[in-house]
Amino acid sequence: DGVVAPKNVEIGDATPPPPGKEGNNYFASFEPAQLEFDLKPTLGPGEHKIAGKLTYYYCMLANGFCANKKAGFWIPVTIR
């Protein structure tokens with residue numbers, strides 16, 4: 001909604017694991033994705049929301065099914 005300029009961040013592997021090694025692509029743990037941005041200088045005081053969309057991919061080893069999922073979110077920002 002014009003609070004910040006759009007940005008993208010990606011984590012994970014760019015290519016799938018080889019057949020038979022699908023379990024190698026799972027995250028045991030990972031660092032949270034971090035995204036830096038600047039608020040537009042024309043914003044005035046008050047409550048604002050930074051809207052975002054998370055897209056992630058998942059696979060089921062049992063049947064080889066893979067799909068992506070999208071989830072919207074927002075971050076509240078208060079300018080004083």
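The values are calculated or read from the model by the stated rules, or taken from the named source; none is laboratory data. Since this is a predicted model, take the numbers as computed values, not measurements. Every residue, glycine among them, receives a Cβ derived from its backbone with ideal geometry; neighbour counts consider all protein chains shown.
Of everything in segment 23-51, what is modelled with pLDDT of 70 or more and under 22 Å from Lys70 (Cα atoms)? Give them in sequence order.
Glu31, Pro32, Ala33, Gln34, Leu35, Glu36, Phe37, Lys49, Ile50, Ala51
Select from segment 37-70 the residues that are within 13 Å of Glu10 (Cα to Cα) and charged (D, E, K, R) and list them in ascending order.
Lys53, the sole residue that qualifies.
What about Val9, is it touching a Leu at 6+ places or on another chain (Cβ under 8 Å) and at pLDDT below 80?
When the stated conditions are applied, Val9 passes them.
Would you please list the contacts, defined by Cβ atoms under 6 Å and residues six or more apart or on different chains, that run from a residue in segment 31-48 that is on the phi < 0 side of the Ramachandran plot and exposed (fewer than 10 other Cβ atoms within 10 Å of the Cβ) to a residue that is in a strand (DSSP E or B) and modelled with pLDDT of 85 or more?
Pro45/Ile79; Glu47/Thr78
Return the residues of segment 59-79 that are at pLDDT below 85 and surrounded by 10 or more Cβ atoms within 10 Å (Cβ to Cβ); say none if nothing qualifies.
Selection gives Cys59, Met60, Leu61, Cys66.
Is it the case, given these coordinates, that Gly20 is surrounded by fewer than 10 Cβ atoms within 10 Å (Cβ to Cβ), on the phi > 0 side of the Ramachandran plot and either in a loop (DSSP other than H, G, I, E, B) or modelled with pLDDT under 80 (or both)?
yes
Among the residues of segment 37-80 satisfying the criterion of being of a type in the set (S, T, N, Q) and not in a strand (DSSP E or B), which is farthest from Val4 (Cα to Cα)?
Asn63
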